[in-house]
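Notes to accompany the following structure.
Nothing in this text is a laboratory measurement; each read-out follows from the coordinates by a stated rule. Quick caveat: nothing in here was measured; it's all calculated off a predicted structure. Here the Cβ is made from the backbone with ideal geometry for all residues, glycine too, and neighbour counts use every protein chain on show.
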Amino acid sequence: MQYHKNILETIGNTPLVEINSIAREIPALVLAKLETFNPGNSIKDRMALKMIEDAEKQGKLKPGYTIIEGTSGNTGMGLALAAVIKGYKCIFTTTDKQSKEKFDALRAFGAEVIVCPTNVEPEDPRSYYSVSTRLEAETPRSWKANQYDNLSNSEAHYRQTGPEIWKQTEGKITHFICGVGTGGTICGVGKFLKEMNKNIQILGIDTYGSVFKKYKETGIFDKKEIYPYITEGIGEDFLPKNVDFKVIDHFEKVTDKDAAVMTRRIVREEAIFAGNSSGAVMAGLLQMKNRFKKDDVVVVIFHDHGTRYLGKMFNDDWMRDRGFLTEEKITAIKLIERHRNKPLVTVKESDTIHEAVSKMRKYNISQMPVTGGTEDSFTGSLNDTELFMKLLENPKLRDEKVMQVVQAPFPFVSPEAAVEEVSQLITPDNHAVLVKDALGETHIITRQDIVEALC
Ligand SMILES: Cc1ncc(COP(=O)(O)O)c(C=O)c1O
């Protein structure tokens, strides 16, 4: 029989999957390590278990203790998993910037979650760092994991994630790219990989609003670099002990918008439902495309799962409110949406003007294509203003043929023509345009369709 003694034994050994569509402009082989396959759906299960096991060995964490941590959710999930199996209580502090789904998931494991304000200094007594420190002091028999400065964090990746990547790529990896928060992942994996081959490039993804990149490049901790940002899981406003700047060759900053838009592309183009920092990593990879050559093997980390961002990056209203959703282009084929299923009303050249006017009245329309010999030979057009003027001048026209008063045919546009192009064709002399759908059916686009699509 093949089975695990408990869920904790399923942590690690996550798959490497080639990125095809998004990486098509990168000459190298790009492989994503899908940490969503861990039982808590994130890479953090690895370091959470290691921090707990090391604390147990050091006698800092004993049966009946409460685990306390400031966590954006994923570390909390890893700690909560282990706590259920090992019988600890958990209290987590987190920020109001994080997805609600993350808090709810932690509460599902029986953890207590305290939500603190995001936009305060780390030293502020209301910050999630300070609140967790205070809770540790006030709670008897408690242990604060402290993922930022607890070196068991990067040690977990040095001992486990790094060797997995080395083995899976048969030592062929040339670049490792990873979002940097506590720094545990990049520095643990990076240290191991550099020991195996010092030429492997370790590239960190940072956010605008975080101090890492400037600190690496200048050695200056610049408070002016710090401002609120939206990307989750990466970037910091202080220097955690797990970030070993010597291991990281370069930091690339990615905007909130690029990270969010790419998070959506990953699931739509690769069918991999990954979280926001995976979007940041892929956007950063494309920004750095000139670094990679044909035979390179690039490994990127997908830290967590897309379900944690359903209310954010995967919610159209949330994206639109922040100006992240590039509005879809309105094309000719979209303009006919309202009446796509209705047949086109036409009149024949040989019909009488009286018949044409009756049709316009019956269908409540102001213009109509005129057909010649066959149904789809559009030889002319009629519009009610012109007809009205001509009938006023000569009422006897009503019994004449349409061909006596016909005007130039409506022009055809391509289904993909932009609304701007279509609207330029609608003038006082030309009241509509025609477009064929994928089935070859002809539809009419009038000024009314354009107004409705734009409003
Ligand atoms: C979603 C996500 N991505 C990336 C990271 C950064 O990983 P690390 O803390 O190992 O630097 C985190 C850390 O919390 C995270 O939750």
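Quick notes on this one:
- Rule-of-thumb Rg ratio for region 89-241 [Cα; 2.2 N^0.38 Å; N residues]: 1.16
- The alpha carbons of region 332-454 occupy a box of 43, 28, 23 Å along the principal axes, longest dimension given first.
- Helix axis angle, 128-138 relative to the chain longest principal axis, alpha carbon, degrees: 40
- In order along region 43-58, the Karplus-derived 3J(HN,Hα) couplings, from 6.51 cos²θ - 1.76 cosθ + 1.60 at θ = phi - 60°, round to 4, 5, 4, 5, 6, 4, 5, 5, 4, 5, 4, 5, 5, 5, 4, 7 Hz, and Gly and Pro are given as x.
- Mean-position separation - Cα centroids, region 230-263 and region 390-455, in angstrom: 54
- A cut-off of 5 Å between modelled amide H atoms, ignoring neighbours fewer than 5 places along the same chain, links Lys253 with Asp206.
- Descending by average beta-carbon neighbour count within 10 Å, the peptides 381-388, 6-13 line up as 381-388, 6-13, the highest first.
- Sorted largest first, extent of region 1-98 alpha carbons per principal axis (Å): 53, 45, 21
- Once the Cα atoms are used to define both axes, helix 353-363 deviates from the longest principal axis of the chain by about 30 degrees.
- Segment Asp429..Phe412, full-extension length gain: 4.6 nm, with 0.36 nm per residue of separation and the alpha-carbon distance subtracted.
- If you plug the beta carbon distance of Glu375 and Lys289 into 1/(1 + (r/R0)^6) with R0 = 45 Å, you get a FRET efficiency near 0.30.
- Computed from label points 7 Å out along Cα-Cβ, the spacing between Asp222 and Lys62 is 4.9 nm.
- Helix 384-393 vs. the chain, principal-axis angle (Cα, 0 to 90°, nearest 10): 20
- DSSP-defined beta bridges in the chain - what % are antiparallel, rounded to 5: 35
- Ranked Phe324, Phe302, criterion: other C-beta atoms within 10 Å, fewest first: Phe324, Phe302
- Segment Ser350-Ser21, extension gain: residue separation times 0.36 nm, minus the distance between their alpha carbons: 113.0 nm
- Between the C-alpha center of region 135-170 and that of region 33-95 there is a gap of 9 Å.
- The overall shape of the chain, judged from the alpha-carbon gyration tensor, is prolate: a/c is not under 1.5, and a/b is greater than b/c.
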